[in-house]
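Computed from the coordinates by the stated procedures, all read-outs in this text should not be read as laboratory data. Quick caveat, the model's predicted, so the values are computed rather than measured.
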Amino acid sequence: MKLNLFMLITQESLMAFYQITYNKKYDFATLHNWGCTFRCPFCSYKLRGGADSKPGFMTPKPASFLTTEEIKTVLAGQRPKTVSLMGGEPSLAPDLEELLAFAKQELGAKTKLGHTNGTRIPTENLDYANVGFKAWSRDLHYRITGKPKDLIYTNFKNAWESGMQMEANLVYIPGFVGLDELEGLCGFLAGLDDTIPLRISGYIPVPGQPWKRPTKKQMAEAKETAEKYLKTVEASHLTVAEALDLSMRDDRFDVEVLI
């Protein structure tokens with residue numbers, strides 16, 4: 001138990017932003033964070049790090065990290081319409097609140113957690129959060145993430161009720177995170193508001209894991225299941241090649257590195 005606590009403290013202390021990218025077409029800057037507090041075995045970062053990737057860490061580790069002042073200087077020079085924070089898990093970066101306040105109050109930018117596991121969703125100076133749910137069943141959620149389910153679902157509910165724009169997504173893995181898990185999540189979302197958007201991401205096989213990529217028929221069935229509960233449902237069914245270069249399918253990922 002002491003070892004696990006030490007690993008958690010060490011892991012969270014390493015959360016930091018290491019890169020800023022910019023999309024000219026849509027005028028948004030993205031701060032990229034390294035590390036995560038979840039240990040999901042199907043994490044798509046394993047496509048880059050391999051089967052030996054350490055739980056909670058995307059590899060390779062960046063050679064250096066950006067200081068808060070370096071980030072502010074780059075953002076002030078670019079003055080993007082939107083500042084998005086991505087991971088790893090961006091919500092646990094130690095300078096998160098300071099950077100959100102700077103982007104919102106000093107730059108007048110819209111602020112987004114472009115993808116978060118929901119561990120922490122600040123309601124100050126944050127306009128939008130896209131939460132990646134892992135499972136509905138309490139035991140399965142803990143088995144996948146090593147974290148309690150209630151924290152994530154409660155954080156989502158509280159953020160939604162605060163007036164924040166929210167979206168959800170789930171990785172669909174037939175035989176593991178299946179239709180029953182999807183239905184549980186959809187019922188939860190619909191209980192808040194059936195207009196909350198949901199994206200179902202078809203599992204992309206990663207090294208060292210036994211599950212198969214869903215078929216087109218299975219993806220269609222998953223989408224139909226979700227649409228019984230929610231009005232806005234999208235589904236993605238990426239190949240490994242597309243996952244490694246998301247700009248192949250989405251020009252929002254066609255970016256330049258600012259620093």
Point to revise | Cα convex hull of segment 53-137 - mean projected area over all directions, nm² | key: 6.6
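Expressed as a rounded percentage, what relative contact order does segment 23-257 have, with Cα pairs under 8 Å and six or more residues apart?
Values: 416 pairs, mean separation 42.9, N = 235.
Averaging sequence separation for qualifying contacts and normalising by length gives 18 percent for segment 23-257.
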Review point. Are there any helices in the chain, counted as whole DSSP H runs, that stretch 15 Å or more along their axis by Cα and score at least -1.0 on average by Kyte-Doolittle, and if so which?
Key: 2-13, 68-78, 149-161, 179-192
Point to revise | Top of 176, 28, 42 by mean-square fluctuation, Gaussian network on the chain, Cα under 10 Å | key: 176
Study note, to complete from the structure: Gyration tensor on Cα atoms of segment 153-259, a ≥ b ≥ c root eigenvalues, a/c under 1.5 rounded, else prolate if a/b beats b/c, else oblate, says oblate
Check your understanding: Using a ≥ b ≥ c from the Cα gyration tensor of the chain (square roots of the eigenvalues), is it rounded, prolate or oblate, where a/c under 1.5 gives rounded and otherwise the larger of a/b and b/c decides, a/b for prolate?
Key -> rounded
Check your understanding: Share of antiparallel DSSP beta bridges in segment 23-257, in percent to the nearest 5?
Key -> 5
Study note, to complete from the structure: Kirkwood-based Rg/Rh on the Cα set of segment 61-211 evaluates to 1.01
